[in-house]
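Reviewing the structure listed below.
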Amino acid sequence: MWTPEAFSMNRERFEKHNLVSKFFQRVVGEGIADGLVDDDRFAVDGTLIRSLAGHKSIKPIDDEHDDHDNDLNGWSSFKGKGRSNTTHRSVVDPDARLASKGGSAHLSHALHVMTDASTGLCIGVSVDTADGRSERRNALAMLDRIKTRHRLVPKKLAADAGYASGEYLSAVESRGITPHSALPKMKIKGESASHHARKRMRGRMKTKSYRESQKLRKFIEPVIGWCKHVGSLSRTRFIGHEGIQDDAMLVASAWNLMRLIRLIAEPEPR
């Protein structure tokens, strides 16, 4: 019987055969086969997952000689000293980085989600380093994976101001997709390809299609909220990106199965 204990005992087998990813992609494929994924408009967003490790596990990277074996808290006292991701690392979870979104900095990982903007089905999920650039990097990677595995390319991709980089906008356009990212109010100076991509995005912000994308984009927030608070991704139980990635895919699969049931049960509009 697949009790939680038996499931945990077989996690290494799942990782070896990439079973969790195959299961997630199969669920996404079911939604596509049932006509519940519309390639007109996707949405993408990112959030932080608290690491299992705590602040006491942070240690200077260049500290080659650990003289605190008998005092586990000795080297974790940073009173009067600064800590940064360039100089310190967690000895428990080396993949974690100090990061925050408007509050205190904690050891965290970055979770990225891509959804069908109209139905809320999660079609892509990725876990990466919380380095401040992972949102754009993983958005492009998820677009490529979805195209390869499901032959699906959205016409538009909605995102918030975290995806306003000119290089990112240009890369999305090169894939035949129209980016609908919110740009901050600032002058765009320069004649490079990235500057022109931002100027084109500024022009699209005046269109009805852009406003519709930003309205639909907000529906990705309940997806992330459910995954974090119901699916227990607000603080991970695993160490390293691979284990957290599998956990995130299982949670996203559970969300998709619930959404598929509801979408199939909804009567078609007359």
Can you pull the Rg over Rh of the stretch 167-266, Cα-only, Kirkwood? 1.10
Can you compute the equivalent ellipsoid semi-axes for the stretch 155-222, i.e. the square root of 5 times each eigenvalue of the Cα gyration tensor, sorted largest first and rounded to whole Å? 20, 13, 11
Near Lys208, which lysines are there with a Cα under 21 Å away, not counting those fewer than 8 places off in the same chain? Lys155, Lys156, Lys185, Lys199, Lys218
Residues with amide H under 5 Å of His180's amide H, sequence separation 5 or more or different chain, H placed in the peptide plane at 1.01 Å from N; which? Leu157, Ala158, Ala159
Find the Cα radius of gyration of the stretch 226-270, compare it with 2.2 N^0.38 Å by division, and give the number to two decimals. 1.51
May I ask for the angle, rounded to the nearest 10°, between helix 19-33 and the longest principal axis of the chain, with both axes built from Cα atoms and the value confined to 0 to 90°? 20
In the stretch 168-223, the chymotrypsin sites (Phe, Trp or Tyr not before Pro) that fall in loop regions by DSSP, at most 11 other Cβ within 10 Å: none
Leaving ligands, DNA and RNA out of it, rank Thr236, Thr178 by accessible area with a 1.4 Å probe, largest first. Thr178, Thr236
Compute the acute angle (0 to 90°) between the alpha-carbon long axis of helix 193-204 and the principal axis of greatest extent of the alpha-carbon atoms of the chain; round to the nearest 10°. 60
Rg [Å, one decimal], Dmax [Å, integer] - the chain, C-alpha atoms: 20.8, 73
Pick out which of Arg137, Arg200, Arg149 has the largest mean-square fluctuation in a Gaussian network model of the chain, springs linking Cα atoms closer than 10 Å. Arg149
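According to the Cα gyration tensor, what semi-axes, each the square root of 5 times an eigenvalue, does the equivalent ellipsoid of the stretch 70-198 have, listed from largest to smallest in whole Å?
Sorted largest first and rounded, they come to 35, 20, 12 Å.
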Please state the equivalent ellipsoid semi-axes for the stretch 1-48: what are the square roots of 5 times the Cα gyration tensor eigenvalues, largest first, in whole Å? 29, 15, 10
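The values are calculated or read from the model by the stated rules, or taken from the named source; none is laboratory data. Quick caveat: nothing in here was measured; it's all calculated off a predicted structure. Here Cβ is always computed from backbone atoms with ideal geometry, including for glycine, and neighbour counts include all displayed protein chains. Just the protein is used for accessible areas: all its heavy atoms, side chains included, with ligands, DNA and RNA removed. Shrake-Rupley method; radii C 1.70, N 1.55, O 1.52, S 1.80 Å.
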